[in-house]
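Engineer: To start, I am sharing the structure in question, which I have written as structure tokens.
The values are calculated or read from the model by the stated rules, or taken from the named source; none is laboratory data. Owing to the predicted nature of the structure, the values given are computational and were not obtained by experimental measurement. Please note: Cβ atoms are built from the backbone with ideal geometry, for glycine as well, and neighbour counts cover all protein chains shown. When the accessible area is computed, the model is the full protein with side chains, heavy atoms only, and any ligands, DNA or RNA have been set aside. Shrake-Rupley method; radii C 1.70, N 1.55, O 1.52, S 1.80 Å.
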Amino acid sequence: MSSHECPQVGKPINGPGPSSNSQTSVNITQHSSSRGSPTPIDDASKIGETGRRVVRRRNESGQRGPGRISPRMTIGALPDNVLLDIFDFFREAEIETLAPWPWPWNRLVHVCQRWRYLVFASPLRLDLCLRYTSKTPVRETLDVWPPLPIEIQLPHPNDVDNIIASLEHRNRVRKIWILYVTSPLLERLAPIMQEPFPALTSLQLWTGETAPVLLDMFLGGSAPRLQTLALGGIPFSGLPRLLLSASDLFDICLERIPHIGYISPVAMVEGLSALTRLRRLVIEFESPASRPDRRGRRTPPLTRVILPALFKLQFRGVSEYLDDLVARIDAPRLRSLCISFFDQDIFDIQQLPDFIGHAGILRSSSHAEVIFAPNHVKINLYLPKGTDPPKKFNLGISCRALDWQLRSMAQICNQLSFLPSIVEQLDIQVTLFDRRRVHIEDTQWLELFRPFTAVRTLRIGRELRSLIVPALQGLTGERATEVLPTLDSLYLGGYQPSEYYHQEAIKSFIAARQYSAHPVAVHPW
């Protein structure tokens, strides 16, 4: 058999490997032109099935003449360009199954010399790379493979020498993904990673412990090809400088930012100013200690930094930080805004409504939902069904006591100036509720309802019915339409119209609304 021929039926082919001990024998069953040919039973069987689909697709596309391929042709007789189409199709199918891991192209180069030649001659099209994990003997294998891009993926980094051996080839490293980075490991890696990594497209570092601060010259202060960046618990005060060099970034995820790695809103926006391709931005602080200095807070600028591709913004921290951040940016394509505030006495979100208005994320809405949970309260806004593209807004506050949750959410809602014009249905619900431990003033519920002037439908969960209905009962006489003036439908969880007690509990509110010419119908929910 010549070096350019695929193997005959059942004949093993020894492909090249990192060492003689790691060579792989693969049995290939060729597709015969006769019916009843044997079905492939090894990895190459996938290529055979893929080949049939590709050939069928090429023929059905209307191709005629010498370029048309007979369905009875064996895979070994296919021209190079068709084989590459098959390999590419196989690659896409494998990526869908194995993501985020690279596809196993090394299996193909063990089949025959022709396949090996085709694969190595098309590294860009087939997206070839060397993936190193904690089980890979890096120093023994790097020299025997072609100089392909290197990906480091280590869920549990046990072998520091392997990591360092990979990083020493910094011109080839395109992906670094290390979960559970320890402080000693980060200290050993820091000197190596002070140099530029010109091929790096993805960097993800996560730690569950106190980590040392990354120096300003991390990655040489420049990452021109970086596309995704994720840091979890890693302080990096020099991040804005790095961002200015990474104009290809489309995904930034900064979680559990330690206070020692605090970056001001002004500095953060300066770093984001060059990221015209950024689609997702996650900024989450570890504690409420990370906040702007009130004395040093600047007046919002007259012009904002435009992030034209930003699709999702996710934030966790104090309200002042978010307000200073959104006062300096515009995101005309924003479709998802998820906010979580730490518990605080006063929430300052004066700039947030303008930011949301500029983004157009909530130009129309019909449904708001306030949910009280054991350790947080949140409001979700839902757009009408069929809205394209789909949009999402939620805002939560971390606090435990129901009365404090209610006070905090009322304060937030009364600052969201867009609520009166877009919310027509309001749901109030609770999870894991203990009625015996709750004492809430009626006025607190009325403060929550006050900004919802366009609500026509109010739905109250069973557990909160006995707390909210008495507050509505106080709205009599001239106060009948003081809150929820357009309400016409009230749904109560567990409400039974046939029971006298349930009717009496809401009687005065219904009568007052009827007398004011704004009747309300009560329904069970």
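Engineer: Note the full-extension length gain between LYS507 and ALA77 as 0.36 nm times their separation in residues minus their Cα-Cα distance, in nm to one decimal.
Structural biologist: Residue separation times 0.36 nm, minus the Cα-Cα distance, leaves 146.2 nm.
Engineer: Still on this structure, I have one more. Using a Förster radius of 51 Å, what is the FRET efficiency between SER489 and ARG333 based on their Cβ-Cβ separation? Nearest 0.05, please.
Structural biologist: 0.90
Engineer: Give me the mean projected area, in nm² to one decimal, of the convex hull enclosing the Cα positions of segment 267-336.
Structural biologist: On the way: hull surface 19.0 nm².
So the Cα hull casts an average projection of 4.8 nm².
Engineer: A further question on this structure: Need the C-alpha centroid separation for segment 273-287 versus segment 163-236, integer Å.
Structural biologist: If you average the Cα positions of each part, the centres end up 18 Å apart.
Engineer: Can you give me the distance in nm between label points at TRP145 and GLN496, each placed 7 Å from the Cα along the Cα-to-Cβ direction?
Structural biologist: In this crude label model, TRP145 to GLN496 measures out at 7.0 nm.
Engineer: Roughly speaking, to the nearest percent, how much of segment 391-522's 1.4 Å accessible area is carbon and sulfur?
Structural biologist: Heavy-atom surface of segment 391-522 belonging to carbon and sulfur, 1.4 Å probe: 49 percent.
Engineer: How much FRET efficiency would the formula 1/(1 + (r/R0)^6) give for PHE120 and VAL160, where r is the Cβ-Cβ distance and R0 is 25 Å, rounded to 0.05?
Structural biologist: Result of the calculation: an efficiency of 0.20.
Engineer: Further question: I need the semi-axes of the equivalent ellipsoid of segment 145-286: take the C-alpha gyration tensor, multiply each eigenvalue by 5, square-root it, list largest first in whole angstrom.
Structural biologist: 23, 18, 13
Engineer: I've got another one for you. With θ set to phi - 60° and the Karplus curve 6.51 cos²θ - 1.76 cosθ + 1.60, what are the ³J(HN,Hα) couplings of segment 450-457 in order, to the nearest whole Hz, using x for Gly and Pro?
Structural biologist: Result, ordered by residue: 3, x, 8, 6, 9, 5, 9, 10 Hz.
Engineer: Shifting gears a bit: So how far apart, in nm, are the two label points at GLU209 and ASP248 if each is 7 Å from Cα heading toward Cβ?
Structural biologist: Distance between label points: 3.5 nm.
Engineer: Next question. Once R0 is set to 45 Å, what does the formula 1/(1 + (r/R0)^6) return for the Cβ-Cβ distance between TRP404 and ALA199, expressed as a FRET efficiency to the nearest 0.05?
Structural biologist: With a Förster radius of 45 Å, E is 0.30.
Engineer: Where in segment 308-332 is the amide nitrogen less than 15 Å from a point lying 7 Å along the Cα-to-Cβ axis of GLN350?
Structural biologist: Backbone N within reach: 319-328.
Engineer: Taking 0.36 nm per intervening residue step and subtracting the Cα-Cα distance, what contour gain separates ARG188 from ARG479 on full extension?
Structural biologist: Full-extension gain reported as 97.9 nm.
Engineer: If you don't mind, another one. Determine the share of segment 207-262's accessible area contributed by carbon and sulfur atoms, expressed in whole percent, with a 1.4 angstrom probe.
Structural biologist: 56
Engineer: I would also like to ask the following. Express the accessible area of segment 411-484 per residue in Å², computed with a 1.4 Å probe while the remaining protein chains stay in the model.
Structural biologist: 48
Engineer: Which order do you get for THR486, THR303, THR207 if you rank them by accessible area with a 1.4 Å probe, largest at the top?
Structural biologist: THR303, THR486, THR207
Engineer: Starting from the Cα of ILE306, step 7 Å toward the Cβ, then list every residue of segment 339-381 with an amide N under 15 Å from that point.
Structural biologist: Residues 358-360 qualify, since their backbone N sits under 15 Å from the label point.
Engineer: Project the alpha carbons of segment 205-260 onto their principal axes and report the range along each, largest first, in whole Å.
Structural biologist: 30, 21, 14
Engineer: Ranked highest first by average number of other Cβ atoms within 10 Å, how do 220-231, 326-337 line up?
Structural biologist: Peptide ranking by packing, descending: 326-337, 220-231.
Engineer: In square angstrom, rounded to the nearest 10, how much accessible surface does GLU168 have for a 1.4 Å probe?
Structural biologist: Roughly 100 Å² of GLU168 is accessible to a 1.4 Å probe.
Engineer: If each residue of separation counts as 0.36 nm, what is the full-extension length gain between HIS358 and HIS523 once their alpha-carbon separation is subtracted? Can you show the working numbers first?
Structural biologist: Details: separation 165, 0.36 × 165 = 59.40 nm, distance 3.81 nm.
Between HIS358 and HIS523, full extension yields 55.6 nm more.
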